[in-house]
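Undergrad: Starting off with a structure, shown below.
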């Protein structure tokens, strides 16, 4: 089977319609990585996706499954290496959080408008109570997949527990998308459509939460100011 025959099903549909150029670029880059160094290329792509969240795992993982279905490597290798890449990327961010530390993080947050250290204390209390679940389930939520590793490092979650939870959550997420790409074959892009809907829901929820936080904080500040004026 020639190289051109392998990558053409991945790039032709989107380019022929004149759209999806960004996804095409990601697809071509990921396929090139996988064809150059095999299954470890899929792992490297996912490790980079953890460090640079704009790289969509919802594209890279089905592509790894599709490439495995063409015989470039086995399904087991695709799942193993993508999960290894997830853990490596998450560990780098965990170490970043550990380096940042609680005191430095609080110093940075204290300079952010509309945010005070009471908010930080609440987040810390919440993470100390739900941190294990946050790390596990966070690996299956777009955007938060990468970010959840940083507070785990800041709070110095036990390393082996972090690695076990990260590996378990990543394995579930990766299996779903890799196997979908493997069994859908050239129709792997169907997975992306459903993943896009899920990601938009998550983004909408985040936007609503941030909007609520900003509005409520402005109202609270104005009330404090009014109370001082009347005192």
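Undergrad: Tell me, please, whether a residue that is loosely packed, with under 15 Cβ neighbours inside 10 Å, at pLDDT 70 or above, at negative phi and out of contact with any strand residue (DSSP E or B) (no Cβ under 8 Å at 6 or more places or on another chain) can be found in the range 206-228.
TA: Looking through the range 206-228, none of the residues is loosely packed, with under 15 Cβ neighbours inside 10 Å, at pLDDT 70 or above, at negative phi and out of contact with any strand residue (DSSP E or B) (no Cβ under 8 Å at 6 or more places or on another chain).
Undergrad: Here is a follow-up. Considering every residue within the range 179-196, establish whether at least one is over 14 Å from the mean Cα position of the chain (by Cα), at pLDDT below 85 and more than 25 Å from residue 86 (Cβ to Cβ).
TA: Yes; the residues of the range 179-196 include at least one that is over 14 Å from the mean Cα position of the chain (by Cα), at pLDDT below 85 and more than 25 Å from residue 86 (Cβ to Cβ).
Undergrad: Report, by residue number, each residue of the range 63-80 that is in a helix (DSSP H, G or I) and closer than 10 Å to residue 182 by Cα.
TA: Answer for the range 63-80, where residues must be in a helix (DSSP H, G or I) and closer than 10 Å to residue 182 by Cα: 63, 64, 65, 66, 67, 68, 69, 75, 78.
Undergrad: Among the listed residues 85, 153, which satisfies the condition of being at pLDDT 85 or above, within 14 Å of the chain's Cα centre (by Cα) and assigned to a helix (DSSP H, G or I)?
TA: 85
Undergrad: Something else: Need pairs with beta-carbon distance below 6 Å; first residue under 17 Å from residue 87 (Cβ atoms) and within the range 123-149, second modelled with pLDDT under 85 and surrounded by fewer than 16 Cβ atoms within 10 Å (Cβ to Cβ); sequence gap 6+ or separate chains.
TA: These pairs meet every condition: 146/53.
Undergrad: Looking at residue 55, is it at pLDDT 75 or above, surrounded by fewer than 20 Cβ atoms within 10 Å (Cβ to Cβ) and farther than 17 Å from residue 171 by Cβ?
TA: Here the answer is no, as residue 55 does not meet what is asked.
Undergrad: Go through the range 130-154 and give me each residue that's surrounded by fewer than 18 Cβ atoms within 10 Å (Cβ to Cβ) and touching a helix residue (DSSP H, G or I) at 6+ places or on another chain (Cβ under 9 Å).
TA: If the condition is that a residue be surrounded by fewer than 18 Cβ atoms within 10 Å (Cβ to Cβ) and touching a helix residue (DSSP H, G or I) at 6+ places or on another chain (Cβ under 9 Å), then 132, 133, 137, 140, 141, 143, 144, 147 are the ones that fit.
Undergrad: Can you tell me which of 127, 76 is modelled with pLDDT of 80 or more and farther than 22 Å from residue 143 by Cα?
TA: Of 127, 76, the one residue that is modelled with pLDDT of 80 or more and farther than 22 Å from residue 143 by Cα is 76.
The values are calculated or read from the model by the stated rules, or taken from the named source; none is laboratory data. All values reported here derive from a predicted model rather than from experimental measurement. Note that we place each Cβ from the backbone using ideal geometry, even for glycine, and neighbour counts take in every protein chain shown.
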